[in-house]
Amino acid sequence: MKLLAPATAPALDLVDIYGLPINIGRTGRRTLLSFFRDAACPFCNFRVYELTHHHQSLSSLGLDIVAVFGSSQAEVLRFVARHPRPFRVAADPVGQSHARYGIERSLLRKLKAIVTRVPTLLRGLRIVGLAGLNTNNLMPADFLIDEDGRIVETWYGSDAGDRIPLERVELFLARGLIARAAKTPVPTAESTPVARRASA
């Protein structure tokens, strides 16, 4: 069943490709939790390329990225992690985490992406080669999760290449920065060291 915001993000019983446990939320930072289809999926690999390219600017705004693939660890290492990734990557070959977050399977929507997203498909195939033509039927999904582990926005892909726009991720981060600024007390003249010395 699909998750709706606002809701508490379900815990993940996952480790990343280096064996470190993955904790979602409650880290003091915002999280983009992205569920990917297959490690050889051309659409997925092009998105990983985009996230890698934008990671530094997104991270500086307080974002952690977690990418979960419906493939074995060996496949993730072969296709996704053959180049170092600046964010956490996990393998979920049995789809337990995908199921917990309501990720669906659809052959029809997979074929729709192949027909309607040809430029992205070709870019992705340049990354993974012909292995990208033999992938599973999981659909992608993205979840924006706040510092307290609450889902703020869900994005279930309408086809195999449909991802949350990065502009929405940036808006999510901007709202977080505004909220944090509103909670930060503004120093008064009396509380500054210069004011205290002058009055002494």
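The values are calculated or read from the model by the stated rules, or taken from the named source; none is laboratory data. These numbers were taken from a predicted model, which means no experiment stands behind them. Here Cβ is always computed from backbone atoms with ideal geometry, including for glycine, and neighbour counts include all displayed protein chains.
Mind listing just one residue for me: the one in the range 154-197 that is closer than 15 Å to residue 103 by Cα and either among the hydrophobic types (A, V, I, L, M, F, W, C) or within 12 Å of the chain's Cα centre (by Cα) (or both) and, of those, modelled with the lowest pLDDT? The qualifying residue modelled with the lowest pLDDT is 160. Residues in the range 84-108 that are surrounded by fewer than 15 Cβ atoms within 10 Å (Cβ to Cβ), aliphatic (A, V, I, L, M) and either at pLDDT 90 or above or closer than 15 Å to residue 22 by Cα (or both): how many? Matching residues across the range 84-108 total 1. Number of residues in the range 22-36 that are modelled with pLDDT of 90 or more and of a type outside the set (S, T, N, Q) equals 5. Of the residues in the range 133-142, not one is at pLDDT 90 or above, over 19 Å from residue 49 (Cα atoms) and assigned to a loop (DSSP other than H, G, I, E, B). A count restricted to the range 21-47 and to residues that are under 19 Å from residue 102 (Cα atoms) and in contact with a helix residue (DSSP H, G or I) (Cβ under 8 Å, 6 or more places away or on another chain) stands at 7.
This table checks each residue for (1) within 13 Å of the chain's Cα centre (by Cα); (2) in a loop (DSSP other than H, G, I, E, B); (3) surrounded by 14 or more Cβ atoms within 10 Å (Cβ to Cβ).
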residue: 12; (1), (2), (3): no, yes, yes
residue: 31; (1), (2), (3): yes, no, yes
residue: 48; (1), (2), (3): yes, no, yes
residue: 52; (1), (2), (3): yes, no, yes
residue: 57; (1), (2), (3): no, no, no
